[in-house]
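A short write-up of the structure that comes next.
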Amino acid sequence: MAYLEVKNIYKRFGKTEVLKGIDFSMKKGQVVSIIGSSGSGKTTLLRCLNFLEIADAGTFSVNDKVLFDAENQKVLTDAQVRENRLHFGLVFQNFNLFPQYNVLENVCLAPKLQAKERPDYKANAKKINAEIEAKAHKLIDDVGLSAKCEAYPCELSGGQQQRVAIARALALDPEILFFDEPTSALDPELTGEILKVIKELAQRDMTMVIVTHEMQFAAEVSDQVIFMDGGVIVEQGTPDEVFVHPKNERTKAFLSRYNNA
Amino acid sequence: MDFLTITQDLLQGFGITCLLFIMTLILAIPLGLLFAFCSMSKISVIKIPTKIFIWIIRGIPLMLFIFVIYYLPSLLADGNASLNIFNTIDLKMTIAAGSNELLWQGRFLAVLIAFVINYACYFSEIFRGGIESVSQGQYEAGYVLGMTKSQVFFKVVLKQVIKRIVPALSNEIITLVKDTALANAIAIPEIIKCAKDMASSQALIWPLFYTAAFYLLFVGILTVVLNRVEKKLSYFKA
Ligand SMILES: Nc1ncnc2c1ncn2[C@@H]1O[C@H](COP(=O)(O)OP(=O)(O)OP(=O)(O)O)[C@@H](O)[C@H]1O
Ligand SMILES: [Mg+2]
């Protein structure tokens, strides 16, 4: 049974059609990698799925709950969109940590703001906030940064910042976590620490969609690989099918460019 | 007149200088924020008139604008500015009215309006620059974490904006201290007006130069305070 079901997503910016009918689905606990050359629409797809762009057509649902339907998106209130987007988490290429907050505060900010909306918040504020912080400490520990709780983003390396960003995204218990080239802004020697964190998440059956240019990593971690080109999914399958036995000429061309690079 | 009496007289004038300064600051900041949002609006019937308004106000001398605010309502009311409506307003302000108890309080209102609008326009450009300089990624990170628009603005963006605009804002604030002297264009008894009155009535010139000490002291204190604010925000990079 499909967990995430994306159907027929179209998106254009002015005259350029960027996504031309994206369909894919994945099961709970799976890891899907999306590869493809620059400008093929990978980021746009993630942005549509996270409501940072509104797709022109198509639907997507999680666990049979429709989160987005281009037909009736306009009638949704801000609050409904907010609720729908909370099913997902997104880790950005350039981290986007909040610079004025330290590591712990970055992880706690959104959960604390959300807790304030709970009806029982006033009565239990202290307890609720303590729980949020305890959980944040655990998440920061999981990404190996417990010594840096009090540090500000400007005091961290890129790799450390990205690990905080992952902890921050996990703090809201997303059902699916999306990554947009999580290592592209990092020095090559720092990519390993991020890939390790993602692998650990995969072992714990976190459902993830990862846009990446790290082919080796994609091959190791993914259950499914999607190759996008020109706004369509050209080929998808297991890592073996896509990387070792690609059928489509465009996939072959793309991969050979990578292997020679 | 001895030094002490002159100091006291000037201090009274300086009280009015400070009042104009502080009230302008308090009112022009929120108004400037409003102008900033209007000038960034997606709705062109809000955006374009705001931008034109800001362009006009920033383009004309503040002195001229004071005259416009002071004379225009009366001219429009009866085509004759001999009886200025601002002079008929009695604000019953209890603050130091100056030794020469003129009917200046209504005119103070005119000056205050001119200052607030003028400075709101300058501030709005600083605010706009600050707000626009925060990367879209900061907003998006907030939205993806389920924050509302106002949570993103107040919890994520605002402090970064403040950090970025403090230097420019400090400059404007210090300019404002000195611009208050323009109020004497319509005979508000601020400190320079007081000193000028002494020059004409007592034939004393040096009190005019003495006023510099008051400005320097005030600007000195402000500089220290503003530097502190800047330092306080230096713990993060944005
Ligand atoms: N906001 C926008 N306005 C106009 N065009 C856009 C916008 N965002 C993306 N595009 C265009 O859409 C196309 C796909 O961009 P996208 O960022 O999705 O590609 P990508 O696959 O993520 O590429 P990369 O590997 O370089 O990150 C590009 O041609 C880009 O110029
Ligand atoms: Mg991209």
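Laboratory data are not the source of any read-out in this text; all were calculated from the coordinates shown. From a predicted model like this one, the values you see are computed outputs, not experimental measurements. All Cβ positions, glycine included, derive from the backbone under ideal geometry; neighbour counts span all protein chains shown.
How much of the DSSP bridge set in the protein assembly as shown is antiparallel, in percent, rounded to the nearest 5?
So the antiparallel bridges in the protein assembly as shown amount to around 55 percent.
Helix A:158-170 versus the longest principal axis of chain A: what angle, 0 to 90°, nearest 10, using Cα atoms?
Compared with the principal axis, the helix lies near 80 degrees.
On full extension of the chain, what length is gained from A:Ala79 through A:Asn63, given 0.36 nm per residue of separation minus the C-alpha to C-alpha distance?
Stretched out fully, the A:Ala79 to A:Asn63 stretch lengthens by 3.7 nm.
Can you compute the FRET efficiency between B:Asn227 and B:Thr88 using 1/(1 + (r/R0)^6), with r the Cβ-Cβ distance and R0 = 60 Å? Round to the nearest 0.05.
0.85
Where the only charges are on Cβ atoms (+1 Lys, Arg; -1 Asp, Glu), what is the dipole of the protein assembly as shown about its Cα centre, to the nearest 20 debye?
Value, rounded to 20: 500 debye.
Quote the Stokes-Einstein diffusion coefficient, in whole µm² s⁻¹, for chain B, based on the Kirkwood radius over alpha carbon pairs, a temperature of 10 °C and a viscosity of 1.306 mPa s.
79
Using 7 Å Cα-to-Cβ label points, what is the B:Thr175/A:Asp23 separation (nm, one decimal)?
6.2
Tell me the volume per residue, in Å³, of the convex hull enclosing the alpha carbons of the stretch A:154-197.
74
On the principal axes of its Cα set, how long, how wide and how thick is the protein assembly as shown? Give whole Å, largest value first.
101, 53, 52
Show the residues, 5+ positions off or on another chain, whose built amide H is closer than 5 Å to the amide H of A:Phe178.
Amide H neighbours of A:Phe178, under 5 Å, 5+ apart: A:Gly89, A:Leu90, A:Val91, A:Val209.
May I ask you to evaluate 6.51 cos²θ - 1.76 cosθ + 1.60, the Karplus curve with θ = phi - 60°, for each residue of the stretch B:167-182 and list the ³J(HN,Hα) values in order in whole Hz, giving x for glycine and proline?
Here the 3J(HN,Hα) series is x, 5, 5, 4, 4, 4, 5, 6, 4, 4, 3, 7, 5, 4, 4, 5 Hz.
Return the equivalent ellipsoid semi-axes of the stretch A:85-195 as a descending list in whole Å, where each equals the square root of 5 times an eigenvalue of the C-alpha gyration tensor.
Square roots of five times the eigenvalues give 26, 15, 11 Å.
Have a look at B:Val68, B:Pro49, B:Ile174 and report the one farthest towards the positive end of the charge dipole of chain B, computed about the Cα centre with Cβ charges (Lys/Arg +1, Asp/Glu -1).
Projecting each Cα onto the dipole axis, the largest value belongs to B:Pro49.
Take every DSSP beta bridge with both residues inside chain A and express the antiparallel ones as a percent of the total, to the nearest 5.
Taking every DSSP beta bridge within chain A, about 55 percent pair in antiparallel fashion.
With just the Cα atoms of the stretch A:181-256, tell me how far they stretch along each of the three principal axes, in Å, largest first.
If we take the Cα atoms of the stretch A:181-256, the spans are 34, 28, 22 Å.
Which of rounded, prolate or oblate describes chain A when judged by the alpha-carbon gyration tensor and an a/c cut-off of 1.5?
Oblate.
Given A:Lys116/B:Lys155; A:Lys112/B:Lys159; A:Lys7/A:Lys196; A:Lys28/A:Lys116, which pairs have Cα atoms separated by over 20 Å?
Cα-Cα > 20 Å for A:Lys7/A:Lys196; A:Lys28/A:Lys116; rest within.
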